[in-house]
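A.B. asks: Take a look at the following structure, please.
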Amino acid sequence: MLFVRSLLFSILFYGNLTLWLLACLPLLAVPPRYLFPVARGWARSNLWLLRTVVGMRVEWRGLGNIPKGGLLVAAKHQSAWETFALMTVFERPIFVLKQELIRLPLFGWFLQRIGMIPVDRSAGASALAGMARMAREKVQEGHQVIIFPEGTRRAPGAPPDYKTGVAFLYDSLKTPCLPVALNSGLFWPRQSFLRQPGTVVVSILPPLPAGIPRRQVIAELERRIETETNRLLEGARPPDGDARRKA
C-alpha cells in the first residue's frame, strides 16, 4: 500500500505541477509580486496531495519568531519537501538555488521571473559575490532570502556540513538570520521513491541578530539548527508557549 500511495502521489504531483505551469503561463507577463500568491497556492496544493494521498501532515512551530520585512533564512535541508513547503509561511520568499534549475523549460522560466537567486557552484568566489549582490537587492525590497547552509540534502542524522556561503551572505546583508530546523527527511527521504505517512515538524527558531562576526555565525547556526533538528528527530516537543499550526 505504501508503494501504491507513493506512486499515485508522484503521478499527481508532476501532473499538478504541469497544470499549474500551463495555466499560469500568461502570468509571466505580470510584475513578479503577483506570482508569490500563485507560488503559495501551488505549494499548498502539494501539501494537500501529501495529506490526502500519503497521510503526510505538517506542524509548524515558532511562527511568531518570523520578523516582518526582509531577512535571511537559513533552513535545514533533508528533502525536496522544504523547497516548496517553506513558501507557505513566508510572505515573499526568494530561494538561493543551483543554476541548473533556472534552465528547466517552463519551471525555470517562473523561477527566473519571480527572482530566485541562481548560483553556479563551479564559479567559486565570483558566484558568492553575485549571490550577495542579488540577495541585497531582494532584502531591500522586503523579501525573505532562503538559503540551505549545507548546500544539498543531508540524510536525517548525517553529520552536518555547513558551507561558508551562508556566513558570506549573512555578513553581506547586515540583516537578522532566521534558523529553521525540520525532520522532513524521515517522511520524504532523499534518493527514495517512497513517501511516508506521519507529521513533518518544522521549528522556526528565534533569529540571530545582525552583526555577529562571520567566523562565529556558522558555528552558531549549526549549533542551533542541529540541536533542534536532533530534538525533532527524537520526537521531542517544544515548550508550551511556542506558536504551532497544523496543516
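The values are calculated or read from the model by the stated rules, or taken from the named source; none is laboratory data. Note that the coordinates shown come from a computational prediction; the quantities given were computed from them, not determined experimentally. Note that each Cβ is placed from the backbone with ideal geometry, even for glycine, and that neighbours are counted across all protein chains shown.
A.B. asks: Just checking: which of the helices (runs of 4 or more DSSP H) contained wholly in the range 1-85 hold 2 or more residues that are surrounded by fewer than 14 Cβ atoms within 10 Å (Cβ to Cβ)?
C.D. replies: Hits in the range 1-85: 2-23, 35-49.
A.B. asks: Regarding the range 29-37, can at least one residue be identified that is within 25 Å of Leu205 (Cβ to Cβ) and at pLDDT 95 or above?
C.D. replies: Yes; the residues of the range 29-37 include at least one that is within 25 Å of Leu205 (Cβ to Cβ) and at pLDDT 95 or above.
A.B. asks: Can you find, within the range 86-104, the residue that is farthest from Arg33 (Cα to Cα) among those that are assigned to a helix (DSSP H, G or I) and free of Cβ contacts under 8 Å to residues at least 40 places away in the same chain?
C.D. replies: Only one residue fits best here, namely Glu100.
A.B. asks: Same structure, new question: Inspect all residues belonging to the range 156-166 and state whether any of them is modelled with pLDDT under 95, farther than 25 Å from Arg44 by Cα and of a type in the set (Lys, Arg).
C.D. replies: Yes: the range 156-166 contains one or more residues that are modelled with pLDDT under 95, farther than 25 Å from Arg44 by Cα and of a type in the set (Lys, Arg).
A.B. asks: Follow-up question, since we're still on this one. Looking only at residues that are part of a loop (DSSP other than H, G, I, E, B) and aromatic (Phe, Trp, Tyr) in the range 162-196, which one is nearest to Arg5 (Cα to Cα)?
C.D. replies: Out of the qualifying residues, it is Phe193.
A.B. asks: If a residue has to be farther than 19 Å from Leu186 by Cα and under 18 Å from the mean Cα position of the chain (by Cα) to count, how many in the range 14-56 make the cut?
C.D. replies: Final tally of qualifying residues: 12.
A.B. asks: Could you list, in sequence order, the residues of the range 59-87 that are of a type outside the set (A, V, I, L, M, F, W, C) and out of contact with any strand residue (DSSP E or B) (no Cβ under 8 Å at 6 or more places or on another chain)?
C.D. replies: Passing the criteria: Gly64, Lys68, Gly69, His77, Ser79.
A.B. asks: Search the range 110-158 for residues being among the hydrophobic types (A, V, I, L, M, F, W, C) and loosely packed, with under 15 Cβ neighbours inside 10 Å, and hand back the single one that is nearest to the chain's Cα centre (by Cα).
C.D. replies: Applying the filter and picking the extreme gives Ala155.
A.B. asks: Taking only the range 197-229 into account, find how many residues are small (Gly, Ala, Ser) and part of a helix (DSSP H, G or I).
C.D. replies: Counting residues in the range 197-229 that are small (Gly, Ala, Ser) and part of a helix (DSSP H, G or I) gives 1.
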